[in-house]
Amino acid sequence: MKYVLLLVLIFPTLSFADIYKWVDDKGRVHFGDSPKQEANAEKVSLRVNSYKHVTVESNDLFFQDASPSSQKVIMYSTTWCGYCKKAKRYFQENQISFVEYDIEEDLRAKQRFDALGGRGVPLILVGKQKMSGFDVPRFERMLSKR
């Protein structure tokens, strides 16, 4: 499934085409833009999570257990997300310590991401503030408020 999403991101015109999934007689799973006359082909609906605008929220309901130790930078991410990579690179270049959780590899991280209202990546937390997406000036304002 990751590879289908990668193709959609690389070739934006493909995102308007229908995608089908089917299993051949040897049990191999295939994806394509037509069902290949397989009886078990099903149409796959893709939902690419990306942000049109970066948002920053501050809400005590999200962070009821916030303590001085929770003032660190936390990022929920995926391996394929370009904005996640940009944020990570920015943190490393500016010696900003952070904790990264991959929501596709860590079930508990995915559950926390969902509980925080995550709808796309990156989801960045600084203290009681939550940023959906990544933007350097907005992140720096968040960091200065912690």
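Some observations on this one:
- Among the criteria (1) in a helix (DSSP H, G or I); (2) among the hydroxyl-bearing types (Ser, Thr, Tyr); (3) at pLDDT 95 or above, the one Tyr101 does not fulfil is (1).
- Members of the range 83-116 that are surrounded by fewer than 13 Cβ atoms within 10 Å (Cβ to Cβ) and over 22 Å from Ser144 (Cβ atoms): Glu105, Leu107, Arg108, Gln111, Asp114, Ala115
The values are calculated or read from the model by the stated rules, or taken from the named source; none is laboratory data. The model shown is predicted, which means the values in this text are computed figures rather than measured ones. When we count neighbours, we look across all protein chains shown, and the Cβ atoms used for this are built from the backbone with ideal geometry, even at glycine.
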